[in-house]
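Encoded as structure tokens, the structure appears first; notes follow it.
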Amino acid sequence: MNYKIMLKLTTFELKLFSRNFISMFFLLVFPTLMILLFGGIYGNEPNVIFGGVGTVDVSVPAYSGLIISVTGLMSLPLTLCEYREKKILKRYRATPLKVIYVIISQVCVNCLMTIAGMIFLIIIAKLVFGLNFIGNVFEVIIIFILSMLSVFSIGFLIASVAPNMKAANAIANLVYFPMLFLTGATIPIEIMPEFMQKISKFLPVTHAVNAMKDVWLGKGMIHAWVSILVLILVLLVCLIVSLKIFRWE
């Protein structure tokens, strides 16, 4: 791999991403507004509903699912479909540049922006509400990366099955909004009715949210083993299927 070319391509894609107002809003502004809204209403005092921790302490790891979904289910598949529809991938294949570099640069850019969105949220929550962290940093990083890769694999699957940009947009929205509102990534799952909590267990982002909350609040990765297993299975299945059916043009 030519790392100099990869760096230039990733920098170029990063500039393009930063000019996408909708992605930047839902990645940086929307989670911040959510934490300011719910933190402002409920504060961050220990609450029995959340097992004796504060609303903000629970919401920040949960919002990781929201941030990852923005890049993994919307930005990544829509960008790949746009590149394919506009024959950008085909043009790259006619140059000495390997097309796989474009895919890798897209993954890198979306990973970097996801991490930036999460760090920004943590800083705001810490400064405004005194966010508490009682977990293990190493475990949090592992779960965050696993969640990113798992949700990104769903994005690749969307980009693989969608025949064009319109279809990709429709599929991405159909997948994105249930993941947003039924998984605990925005509305705390603890306050949902029991039947909705059962439905949420079938959605991958629910397991990303649950695993992040477990390691963030000090329960450890062992407590989150079911969610970790689900995330790994989703990653493997979506990746294998995507590699078999993905079309470059």
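The values are calculated or read from the model by the stated rules, or taken from the named source; none is laboratory data. Note that the structure is predicted; figures quoted are calculated from it, not measured. FYI the Cβ positions are ideal-geometry reconstructions off the backbone, even for glycines, and counts take in every protein chain you see. All accessible areas refer to the heavy atoms of the entire protein, side chains included, with ligands and DNA or RNA removed. Shrake-Rupley method; radii C 1.70, N 1.55, O 1.52, S 1.80 Å.
Numbers below:
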item	result
Residues of region 185-218 satisfying the condition of being part of a loop (DSSP other than H, G, I, E, B) and touching a residue at least 24 places away in the same chain (Cβ under 8 Å)	A185, T186, P188, L203, L217, G218
Condition check for F26: touching a residue at least 12 places away in the same chain (Cβ under 8 Å), under 19 Å from M148 (Cβ atoms), open to solvent by 20 Å² or more (accessible area, probe 1.4 Å) and assigned to a helix (DSSP H, G or I)	yes
Among the residues listed as A172, A167, the single one being modelled with pLDDT under 95, within 30 Å of Y92 (Cα to Cα) and either within 17 Å of the chain's Cα centre (by Cα) or not in a helix (DSSP H, G or I) (or both)	A172
Residues of region 48-92 that turn out to be within 21 Å of A125 (Cα to Cα), surrounded by fewer than 17 Cβ atoms within 10 Å (Cβ to Cβ) and not small (G, A, S), as a count	2
Residues that are hydrophobic (A, V, I, L, M, F, W, C) and surrounded by 20 or more Cβ atoms within 10 Å (Cβ to Cβ), drawn from region 221-234	A224, I228, V230, L231, V234
Residues of region 93-115 classified as open to solvent by less than 40 Å² (accessible area, probe 1.4 Å) and part of a helix (DSSP H, G or I), total	12
Meets criteria (over 21 Å from the mean Cα position of the chain (by Cα) and free of Cβ contacts under 8 Å to residues at least 60 places away in the same chain) for R91	yes
Which numbered condition L157 misses (of (1) assigned to a helix (DSSP H, G or I); (2) closer than 29 Å to L37 by Cα; (3) open to solvent by 10 Å² or more (accessible area, probe 1.4 Å); (4) in contact (Cβ under 8 Å) with a residue 12 or more places away in the chain)	(2)
Of all residues making up region 116-132, the number that are buried (at least 16 other Cβ atoms within 10 Å of the Cβ) and assigned to a loop (DSSP other than H, G, I, E, B)	2
Members of region 167-220 that are more than 19 Å from V60 (Cβ to Cβ), open to solvent by less than 50 Å² (accessible area, probe 1.4 Å) and of a type in the set (F, W, Y)	Y176
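Table: residues versus (1) under 16 Å from the mean Cα position of the chain (by Cα); (2) of a type in the set (F, W, Y); (3) more than 20 Å from S75 (Cα to Cα).
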position	(1), (2), (3)
M6	no, no, no
L9	no, no, no
F12	no, yes, no
K15	no, no, no
S18	no, no, no
I22	yes, no, no
L28	yes, no, no
I35	no, no, yes
Y42	no, yes, yes
